[in-house]
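Here's the structure we're looking at; comments come further down.
Where a number appears in this text, it was derived from the coordinates with a stated rule and is not lab data. All of these numbers come straight from a predicted model, not from anything done at the bench. Here the Cβ positions follow ideal geometry from the backbone for every residue, glycine too, while neighbour counts run over all protein chains shown.
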Amino acid sequence: MELNFVFFFNSILLGVGLAMDAFSVSLANGLNEPNMKPRRMSLIAGVFAVFQALMPLIGWFLLHTICQHLTAFEKFIPWIALGLLGYIGYQMLHEGLSGDEEETEKSAIGWSALLLQGIATSIDALSVGFTIADYGFLEALLAAFIIAVVTFIICAAGLAIGKKAGTKLAGKASIFGGAILIFIGLEIFITSFF
């Protein structure tokens, strides 16, 4: 594979396409935590970027080593995404509807939930390993890096937009954020059949 304009353009487009679910979840996280500090925003966007970069590399590696197992796993991806995002969304909805929501650090998303979000929004990126199958390892690594940078930028924007809207929605942010996560999980699940 040659490193030319088409390579970089395709990698950027892959990054944009893969980051859309992570953008929506970032938006929900910003809504849930309107007082989020810039360092925390960078950390959350970084987690999504790392997962979006790792999954295509894992897919590429599996394709070049144990391809037959990946195709068997592919049918479970929408179920996994639906389960993870549904679970996190339900927790946010329950917290918002029960009236226990506080505007302090308690409403901040925890590490385990953030990791689950990262996995759920990036697991479909495993199949990107098929689209970059003709790349050598260094080209696949570079494509993954570009995807990570694009994802980071898009997720940081989602967090900023969510924060801005979250200050206006105040007490209903968890309900709205949880509904978004459940919707994303359903969207991934339903579109897998088409």
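Projecting label points 7 angstrom from Cα along Cα→Cβ for THR65 and ALA133 puts them 1.8 nm apart.
Quick one: net charge around GLY118, please, counting Lys, Arg +1 and Asp, Glu -1 for every other residue with C-beta under 14 Å from its C-beta.
Summing Lys/Arg as +1 and Asp/Glu as -1 gives -2.
Its Kirkwood hydrodynamic radius, worked out from the mean inverse distance over all distinct Cα pairs, puts segment 1-49 at 12.4 Å. For the pair ASN35 and THR191, a Förster radius of 22 Å applied to the C-beta separation gives a FRET efficiency near 0.05, rounded to the nearest 0.05.
Residue separation of ALA179 and LEU3 scaled by 0.36 nm, minus their Cα-Cα distance, works out to 59.2 nm of gained length.
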